[in-house]
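To start, the structure under review is shown below, and the notes come after it.
Nothing in this text is a laboratory measurement; each read-out follows from the coordinates by a stated rule. These numbers come from a predicted model, not from an experiment. Positions of Cβ are generated from backbone atoms using ideal geometry, with glycine treated the same way; all protein chains shown enter the neighbour counts.
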Amino acid sequence: MNLRAQATTEMLILFAIVLLVLIVVLALLVVWPSYVHAVEKQESDRFWASARPFSLNNHEMYPNQMLVELVNNEPVTLTIKSIYLEGVSLDFSNHSVPFTWESASSRCGGGECTMIVLPGQTQIITTANFTGSPANPCVTPDGYAYGNRYRMALVISYHASNPSSLENESSTVELVGICTRR
């Protein structure tokens, strides 16, 4: 009789251990991707906050708009010639804050658009009707996807005093974030 009770107890303990391992594995599968994305976002934000000559104080993605807040960290005036998002050039000609691509695009002729950024100046750049190229990860065929993650390459072409000596600020670190509601 004692052997039966012992076998039953051993089976229950073994079952509990298997169940505990299964719960831990499922928890890791559910939590790990969110944790990894949070770490990637922190690394991206930390890199772009300390980048030179332009740092990014903030970047947010909405269903039809993207906001980028950049700061000139150099002691000289810099002129932005173009900004590339996922390899697509976003032309502009407006120098005001906040800056919208839509209003600027209508005034930008032949791709000869520039934005002058004074030393220490912050420019808030927002896209308008950001649903086409480059593809907005917050827009899906079913509508808007709040909570979607995005990773987008950013390249800023600029020059200091000589327009012919164009330089690029780019990185292997992409902008990483989560689509939000406005």
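Details
- Distant-in-sequence amide H partners of SER82 (H built 1.01 Å from N, under 5 Å): SER157
- Note on the range 1-86: with charges restricted to the Cβ of Lys and Arg (+1) and Asp and Glu (-1), its dipole about the Cα centre is near 200 debye.
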